[in-house]
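Everything below concerns the one structure shown next.
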Amino acid sequence: MPSSSPRRSRKPGELVLAAALVVPIVAIMGGLVFWPLATSVLDSFYRVDPMRPGTPFVGLANYSGLLADGNVQTAWLNTFAYVAMAVVLETIGGMGAALLLNRVKHGRQWLLAITVLPWCLPPVVNAIVWMWIFNPSYGLLNHALLWLGVIDARKVWFNDQATALFLVSLVHVWRMMPLTAVILLAALQSIPRDLYEAARLDGAGPIKSFRLVTLPLIAGGIAIALSQSTVFAFNLFDEAWILSGSSLDTRSVIIQVYLTAFQNLRFSSGMALSILAMIASLLVSLIYVLRVYRETRYD
Amino acid sequence: MRSLISTLPGRVGTVLAVILLVAWSLGPIYWSLVTSLTPPLHLLGAPSLWPHQITFEHYAKLFGATSLSQGNAVQSVWPQFSAALANSLITSVLATVVTVAIAAFGAYAFVRLEFPGRDLLFVAVVATLAIPAYTVMIPLYRLMISLKLIDTYTGITLIYVSAFLPLALWLMRSVYQAMPISLEEAAWLDGAGRVYTLVHIVLPLAAPGLIASAILTFLNAWGQFMVPLVFSPTLATKPLTVLIPEFVTRNYIDFGLMNAAGILAIIPPVLLVLFLNRYLVSGLMAGATK
C-alpha cells in the first residue's frame, strides 16, 4: 500500500498534533473495546458470577459446561440455520437487485433509495411490522395465503420450529439484503463496459458473459458481501428476540449469551460463549474470503 | 446485454423486476402505515390494502394526555413515549457528533501525519469492526457499573462511539487519501499551520465524507436495541427501540399502537434516505468495498 503521507521533514510539532488527534481514539477503543475484549477472554477461564462469592480459576470448565448444555447446542444449530438461510437468500436477492439497479437507467437513484430503506430502519421496528404480518389470527400472511388457496386453515406460524426459523431469517434478510445489493452494485459499476462488448463480439450470450466477465470481476465484492452477511447473521438478536423472545425454537447464540449473562447472571459462562461465537463468525467469513479469492483469481 | 434490453420481453422482465423489488422493500412499511391508520375493530376483520376509514386514534394514544379505548378514558403512553423519543434523539445525536468529530480529526492524523505505530494502530482499530459488540458487552457492563455510568447519556454515548468509530474512521481515511495534498501544501507555503489548514481547508472539502459518516453513525445508533436493552434499564435513557416492544407486555398486543409508534420511529431514517440518499449510498459503498 503506497503511503499517502507527504514527504516533508518531520517537525516536532507534528508529533504533538498527531498525539492530540489520536489520543481520543486510543482512549475510547482501548478502554471500551480492547480492554473489555481481553477481560472477556481472561475471565472466561474464571468463575465470575455476581451471585457467588469469589472468582476462582476454573480452567476450561465454562467451555466444557457450554458443550454439555442442550440449550446452547440448540442455540448453535439455530444460529447455523439463520446463517445458512440468510447468506443464501441475501446473496441471491442482493445479486438480483444489484443487476437490476445496474441495468435501470431512469430513476436509478430513487430505486436505490427504496432498496436501501429497509437497511436504514431500526431492526426492532422491522420485526414488529413483520410480527403483525405473521399474526396467526389477523395477520396479512394468513389472509393472503388463504385467499390464494395455498393453505386452507390459518396457521400459527411460530408453532413449527422450521417455519419459525425461516420467518425470523426472512425478516433479517429483508433488512440486510440491501447491504449485499449495494456492495455488489459498487462492484458491478467498476467493470469496464468494453469488456461486455468484447465478450459479445466473441459470441458470448448474456449468461456466458455473466459467468466469464461479471462473476470473476465482482468476486472481491461477493467475498465482502458473503462475510458481511455471515457476521450479521451470526449476530442475529433483535429479530428473534422481538418475534418470539427467549423461545428455544428460535433462540440464537447471542440470545443465549444475553440470557446466560443478564438473566441468569452467569457472567463468565456468557463470556465464554460470546468468545466462541466471535471465533466461529470470524472463521466462517475467513473461509469465504479465501475460497472466493482462490477460485476466481487469474493465473 | 444491450440487445437483450431492447427486446420487448427483456423490457417487460425489467419492469416486473422493478415492481417486485419496490413491493418487497416498501410493502411491509406501507402495511404498517395502513395498520396504524385503521380503527382497532377493523384490524380484527379481513385486512384490506387500503383503509376504508382512517383514524388517528393510535397516534392520539401516543400523543394525547388521555385517550378513549372502547369508550373508557385511559392513561395515554405519551409520558413514556416522549421520554423515549427524546432519549433516542439525544443519544443518537451525541454519538454522531462525537464519533464524527473524533474520526474527522483522527483520520487526518492517520493519513497526513507521521507517528510511530500509525499503521498498526489503524489496523487494530478497524479490525474491531469484525468483533461483534456482544463479545465485549459483559465486561463493559461491569465497567459501566463500577464507573456509575449505567443508564446515563454519557455511558450510552461512549459505548456507541466505541462501536461506530471504526467505520467512521475508515470512511474518513479513504476520503483524505483521495484528496490531493497540493491544496494543503499551498496553504502551508502561505504560512498556515497544520490545524488551521485542517479546519479551514481540509474539513470543508471533506464535507460529503463527513455527512456520509454522520448518516451511517446516526442510523446505527438510532436502531440500536441490544446495547440499550442492557445499559438503559429505565426511562432516564431508554430509547424508542426498547420502549416500543414493551407495549406488547400489556394484557393484549396493541398492534395499532405498535405500528403507529413504529411509523413515528422510522421518520428520521426515512427523511435521511429521502434527502441525503446520495451520501448514504456513497458511504455504504466506500465502507463496504475499500
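The values are calculated or read from the model by the stated rules, or taken from the named source; none is laboratory data. None of these values were measured; they are calculated from a predicted model. Virtual Cβ from ideal backbone geometry, glycine too; neighbours counted across all protein chains shown. Just the protein is used for accessible areas: all its heavy atoms, side chains included, with ligands, DNA and RNA removed. Shrake-Rupley method; radii C 1.70, N 1.55, O 1.52, S 1.80 Å.
Step by step: first the residues of the stretch A:261-282, then only those that are more than 9 Å from every other protein chain (Cβ to nearest Cβ) and in a helix (DSSP H, G or I), then the one that is most open to solvent (accessible area, probe 1.4 Å). Which residue is that?
Ranking the qualifying residues of the stretch A:261-282, first place goes to A:263.
Which residues, taken from the stretch B:35-65, are within 11 Å of chain A (Cβ to nearest Cβ), of a type in the set (A, V, I, L, M) and buried (at least 17 other Cβ atoms within 10 Å of the Cβ)?
Scanning the stretch B:35-65 gives a single hit, B:43.
Name the residues in the stretch A:155-192 that are farther than 25 Å from residue A:91 by Cβ and surrounded by fewer than 19 Cβ atoms within 10 Å (Cβ to Cβ), would you?
Those that are farther than 25 Å from residue A:91 by Cβ and surrounded by fewer than 19 Cβ atoms within 10 Å (Cβ to Cβ): A:155, A:156, A:159, A:160.
Is there a residue in the stretch A:153-173 that is assigned to a helix (DSSP H, G or I) and closer than 24 Å to residue A:210 by Cβ?
Yes, there is a match, as at least one residue in the stretch A:153-173 is assigned to a helix (DSSP H, G or I) and closer than 24 Å to residue A:210 by Cβ.
Go through (1) in a helix (DSSP H, G or I); (2) within 11 Å of chain A (Cβ to nearest Cβ); (3) within 27 Å of residue B:152 (Cα to Cα) for residue B:233 and report which single condition fails.
(1) is the only condition that residue B:233 fails.
So which residues in the stretch B:109-138 are buried (at least 24 other Cβ atoms within 10 Å of the Cβ) and aromatic (Phe, Trp, Tyr), if there are any at all?
B:110, B:134
Can we say residue A:171 is aliphatic (A, V, I, L, M) and free of Cβ contacts under 8 Å to residues at least 12 places away in the same chain?
no
Out of B:171, B:140, B:183, I need the residue that is in contact (Cβ under 8 Å) with a residue 12 or more places away in the chain and either polar (S, T, N, Q) or within 8 Å of another protein chain (Cβ to nearest Cβ) (or both). Which one?
Values: B:171 fails: either polar (S, T, N, Q) or within 8 Å of another protein chain (Cβ to nearest Cβ) (or both); B:183 fails: either polar (S, T, N, Q) or within 8 Å of another protein chain (Cβ to nearest Cβ) (or both).
Sole residue among the options that is in contact (Cβ under 8 Å) with a residue 12 or more places away in the chain and either polar (S, T, N, Q) or within 8 Å of another protein chain (Cβ to nearest Cβ) (or both): B:140.
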